[in-house]
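K.L.:
Input: one structure, supplied below.
The values are calculated or read from the model by the stated rules, or taken from the named source; none is laboratory data. Note that the structure is predicted; figures quoted are calculated from it, not measured. Cβ: placed from backbone, ideal geometry, glycine included. Neighbour counts: every protein chain shown. Surface accessibility is based on the protein's heavy atoms, side chains included, excluding ligands, DNA and RNA. Shrake-Rupley method; radii C 1.70, N 1.55, O 1.52, S 1.80 Å.
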Number of protein chains: 2
Amino acid sequence: MGASKTEHFTPKQNEIASIMKALGHPARIAIIDYLLKVDTCICGDIVNELPLAQPTVSQHLKELKNAGLIKGNTEGNAICYCIDEETFFKFQNFLSEVFGKIKAQKNNCC
Amino acid sequence: MGASKTEHFTPKQNEIASIMKALGHPARIAIIDYLLKVDTCICGDIVNELPLAQPTVSQHLKELKNAGLIKGNTEGNAICYCIDEETFFKFQNFLSEVFGKIKAQKNNCC
DNA sequence: TTTTAATATTGCAATATTACGATAAAGATA
DNA sequence: TATCTTTATCGTAATATTGCAATATTAAAA
């Protein structure tokens, strides 16, 4: 097979899984890391920051964009990418719930 | 190709990416959800909770275990799975940093 | 208008993931 | 011991992901 049976899970489970999946590659974590480090949009120089060919970087950027984690603005013939805060904060809310439940666990087993 | 060039990224980037990847499937999110809902170890009934065959569930459990997100204890002929808090809290620390940086951004672009 | 620069898309090869039937393994129970 | 229950592993088919060379696209600059 190879295709996930997404129709059998809740929309929220699918949504969170797709965000996690988008972040499930070191190159894409590195892109987010870099965006946070420079604390501004990046126009052009991501390719030089990563040990990957330009088409590969472009593909990773596309996946982050599809997942809503970054957004891109055309700026002349360059494109300016930055963090899409909204999705990150939605993600954070989900995780707060999860971590809260973990902390509240009675832990009476294992 | 199909293989990630993990050797070109930092250990931390690879570690976080592998946790994210493990959570990048709705079935595995559903398993974590269920573990948090029942607030105890689960011995046996995960298979009945998921819309997937037993070998498939077993495989997903293995991936969560490999990523350190759950741990399993043999309990007679059953196996008792529960959240591995340590990994989750490590994950939370990483994310706190990320979310902190996002909030602190000057947001002077895009 | 031609050239240059930046980014995206296409096409493809290598590898990984997902799913499940069949079967094995390990311990409980009759 | 024989059987049942529970979980893991094997084998395999279908599909997805990763990476890059070649090429296309788009807009600025000459």
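K.L.:
State yes or no: is B:K71 within 30 Å of A:E86 (Cα to Cα) and either in contact with a His (Cβ under 9 Å, 6 or more places away or on another chain) or open to solvent by 60 Å² or more (accessible area, probe 1.4 Å) (or both)? Break it down stepwise before answering.
P.N.:
Values: within 30 Å of A:E86 (Cα to Cα): no; either in contact with a His (Cβ under 9 Å, 6 or more places away or on another chain) or open to solvent by 60 Å² or more (accessible area, probe 1.4 Å) (or both): yes.
Judged against the criteria, B:K71 is not a match.
K.L.:
Within region B:39-52, can you find the residues that are open to solvent by 20 Å² or more (accessible area, probe 1.4 Å) and more than 10 Å from chain A (Cβ to nearest Cβ)?
P.N.:
Scanning region B:39-52 gives B:G44, B:D45, B:V47, B:N48, B:E49.
K.L.:
Right, something else. Given (1) touching a residue at least 24 places away in the same chain (Cβ under 8 Å); (2) within 9 Å of DNA strand C (Cβ to nearest atom); (3) under 10 Å from the mean Cα position of the chain (by Cα); (4) more than 25 Å from B:D33 (Cβ to Cβ), where does A:K65 come up short, assuming only one miss?
P.N.:
Result: A:K65 fails condition (1) only.
K.L.:
Go through region B:1-26 and report how many residues are more than 7 Å from chain A (Cβ to nearest Cβ), modelled with pLDDT of 95 or more and not in a loop (DSSP other than H, G, I, E, B).
P.N.:
Selection size over region B:1-26: 6.
K.L.:
Follow-up question, since we're still on this one. Exactly one condition in (1) more than 16 Å from DNA strand D (Cβ to nearest atom); (2) open to solvent by 80 Å² or more (accessible area, probe 1.4 Å) is not met by B:N66; state its number.
P.N.:
Result: B:N66 fails condition (1) only.
K.L.:
Of everything in region A:76-88 that's near DNA strand C (Cβ under 10 Å from one of its atoms) and at the interface with another protein chain (Cβ under 9 Å from one of its Cβ atoms), which residue is surrounded by the fewest Cβ atoms within 10 Å (Cβ to Cβ)? If you could, list the steps in order and put the result at the bottom.
P.N.:
Residues of region A:76-88 that are near DNA strand C (Cβ under 10 Å from one of its atoms), as a first pass: A:76-81.
Now restrict to residues that are at the interface with another protein chain (Cβ under 9 Å from one of its Cβ atoms): A:80-81.
Values: A:C80: 17, A:Y81: 24.
Per the criteria, the residue is A:C80.
K.L.:
With the condition kept exactly as written, say whether any residue in region A:53-69 is facing chain B (nearest Cβ under 10 Å) and over 28 Å from B:K90 (Cα atoms).
P.N.:
yes
K.L.:
Kindly provide the set of residues from region A:40-71 that are out of contact with any strand residue (DSSP E or B) (no Cβ under 8 Å at 6 or more places or on another chain) and outside any helix (DSSP H, G or I), ordered by number.
P.N.:
Narrowing region A:40-71 to residues out of contact with any strand residue (DSSP E or B) (no Cβ under 8 Å at 6 or more places or on another chain): A:45, A:47-60, A:62-63, A:66-68.
Selection gives A:D45, A:L50, A:P51, A:L52, A:A53, A:A67, A:G68.
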